[in-house]
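Coordinate-derived values only; no laboratory data. Because the structure is predicted, anything quoted here is derived from the model rather than measured. Here the Cβ positions follow ideal geometry from the backbone for every residue, glycine too, while neighbour counts run over all protein chains shown.
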Amino acid sequence: MKKLFLILTLFVFGYTNAQGNGQFVRFDFVKTVPGEQYNQILNQKWKELAQKRADEGTITGWDTWWRANATPESEWNLLIVTTATHPDSLNAGGGIQRIRPDYSEMDIELFNQKNAAARKIVWTRVYVNKGLNFAGNEGETPTVPAAAVINSMKTDLMNDAKYEQMENSLNSGDLGGRLGWGLLKRIDNYGEEIHHNYMTVDFYEKMSDIMLSRVSTGNIPRQLQEVIKMREHKQSIPLWLGISVRPTE
């Protein structure tokens with residue numbers, strides 16, 4: 001009886017531990033303007049502000065990801081990802097004056113104009129982490145590898161709980177060529193009319209590993225077939241890492 005109880009305890013703990021770190025994640029999909037040097041603004045200003053917010057404990061991470069093979073016709077070409085332990089923290093602690101206290105009102109206005117001219121925020125989406133698998137990770141915001149794929153998914157709202165359970169089960173062990181995996185549930189909008197209600201993220205060491213992962217055309221494992229039946233896979237988009245900020249230890 002004790003042995004059975006131990007097995008059940010380990011199973012429940014293992015599944016609970018696979019449910020992500022409970023963090024909130026904001027995706028800002030950005031269209032940059034050619035010639036306006038938004039990358040410089042990111043590196044010289046917003047990276048510094050993100051580091052300050054992370055060191056203060058307001059956010060737990062801030063990353064910029066460039067969309068692979070983006071063209072001038074693409075709706076967006078840059079993804080900015082902010083993570084925090086509470087949704088209110090995703091927008092807290094901002095403002096350029098926090099890192100440039102010597103700026104006059106005119107300086108701030110000129111910077112805001114330059115920033116606005118260099119990019120357009122196309123969409124903002126907010127998610128909660130429902131699954132996380134990184135080697136050696138114990139629930140913290142992981143240090144991300146250099147390449148990733150985001151996969152937008154649409155599920156039947158009646159089966160959300162079962163879908164989360166099956167995705168976590170499918171991705172709880174060996175990830176093959178992937179270095180990490182995450183499952184995000186969208187919470188900024190809800191209902192049948194939205195484009196997607198879940199996002200999975202696959203992390204890789206380099207972009208060529210993403211392409212190699214798509215070479216095989218073998219039979220789909222039965223467990224994956226069951227997950228596929230529960231979701232509509234809208235799109236997969238590869239990304240390469242630009243900037244990554246974590247709290248200074």
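Quick notes on this one:
- Label selected from (1) 18.1; (2) 16.6; (3) 13.7, the criterion being mean projected area of the Cα convex hull in nm² as computed here: (2)
- Relative to the longest principal axis of the Cα atoms of the chain, the long axis of helix 105-118 makes an angle of roughly 50 degrees.
- Set of aspartates and glutamates near Lys229 by C-alpha distance (under 16 Å), chain-local residues within fewer than 8 positions excluded: Asp156, Asp160, Glu164, Glu167
- Pairs of Cα atoms nearer than 8 Å and 6+ residues apart set the relative contact order; for segment 150-249 it is 44 percent.
- The chymotrypsin sites (Phe, Trp or Tyr not before Pro) of segment 87-161 include none that meets both criteria, a DSSP state outside H, G, I, E and B (loop) and at most 12 other C-beta atoms within 10 angstrom of the site's C-beta.
- Longest exposed-site-free window of the chain, the sites being trypsin sites (Lys or Arg not before Pro) in a DSSP loop that have at most 15 other C-beta atoms within 10 Å: 1-205
- Table column - 3J(HN,Hα) (Hz), segment 56-67, Karplus curve with 6.51, -1.76, 1.60, x for Gly and Pro: 6, x, 5, 10, 10, x, 7, 9, 10, 10, 8, 6
- Spatially proximal aspartates and glutamates relative to Lys45 (Cα-Cα < 20 Å; intrachain offsets below 8 disregarded): Asp28, Glu36, Asp55, Glu56, Asp63, Asp102, Glu105, Asp107, Glu109
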